[in-house]
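J.: Just passing along the structure, written as structure tokens.
The values are calculated or read from the model by the stated rules, or taken from the named source; none is laboratory data. This structure is a prediction, so every number in the text was calculated from the model and none was measured. Reconstructed Cβ throughout: ideal geometry from the backbone, glycine too, with neighbour counts over all protein chains shown.
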Amino acid sequence: MSLEKDIESFVKSVGLDLYDISVVNEGGDTIYRVNVISREIENNRRKGVTLDECVNLTHLISPLLDVTPPVSGDYRLEVGSPGIERKIHSLKQFEMSIGENVALHLKSKEKLKGILLKVEDSNIILDVDGEEILVDFSQISKAKTYFEW
């Protein structure tokens, strides 16, 4: 099994979903970042992830990384939420963002903002001002969720 699949198993075991894993360099430090989101929906939005859930998950994942280091050299494990406004890179992440506000930048330079209704095959379906718009995933250059204040 791959390291990502092992981590995903731990994440699911505590009732969360794995959003993404990344390796970033900040201030000369290498950070192995594991972002998770809640499975629970509250008031048509995903519940937040608590600090206790992140700490618990860190304690589960850390021994695995001691045996199978994710990067060479020193690094710091960081487990957290990707936030209410987050980048969307994959169809899986679109599926995890259904019901949320999303902003799309298309390869045609067009920009769309609306509520993500569903994902069917490689199609993203948005409600843009009451109209259903279908966009093929391959036509999206950038996507993110956003929060309206």
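J.: Among the residues that make up region 12-25, is at least one of them part of a loop (DSSP other than H, G, I, E, B) and either free of Cβ contacts under 8 Å to residues at least 12 places away in the same chain or closer than 30 Å to LEU106 by Cα (or both)?
T.: Quick first cut of region 12-25, residues part of a loop (DSSP other than H, G, I, E, B) only: 14-15.
Retained after the next criterion (residues that are either free of Cβ contacts under 8 Å to residues at least 12 places away in the same chain or closer than 30 Å to LEU106 by Cα (or both)): none.
No.
J.: Can you tell me which residue in region 13-57 is nearest to GLU100 (Cα to Cα), limited to those that are among the basic types (Lys, Arg) and modelled with pLDDT under 95?
T.: It comes out as ARG45.
J.: Does GLU100 satisfy the criteria of being surrounded by 13 or more Cβ atoms within 10 Å (Cβ to Cβ), among the acidic types (Asp, Glu) and in contact with a strand residue (DSSP E or B) (Cβ under 6 Å, 6 or more places away or on another chain)? Spell out how you get there, then give the answer.
T.: Values: surrounded by 13 or more Cβ atoms within 10 Å (Cβ to Cβ): yes; among the acidic types (Asp, Glu): yes; in contact with a strand residue (DSSP E or B) (Cβ under 6 Å, 6 or more places away or on another chain): yes.
Criteria met by GLU100.
J.: While we're here: Check GLU132, GLU120, GLU95 and return the single one that is over 27 Å from LYS12 (Cα atoms) and not assigned by TED's automatic domain parsing to the domain that holds TYR19. It would help to see each step written out before you state the result.
T.: Working: GLU120 fails: over 27 Å from LYS12 (Cα atoms); GLU95 fails: over 27 Å from LYS12 (Cα atoms).
Only one candidate passes the filter, namely GLU132.
J.: Right, something else. Quick check on my filter: what residues within region 89-137 are more than 19 Å from LEU18 (Cβ to Cβ), free of Cβ contacts under 8 Å to residues at least 24 places away in the same chain and not in a strand (DSSP E or B)?
T.: LYS109, GLU110, ASP121, ASP129, GLY130
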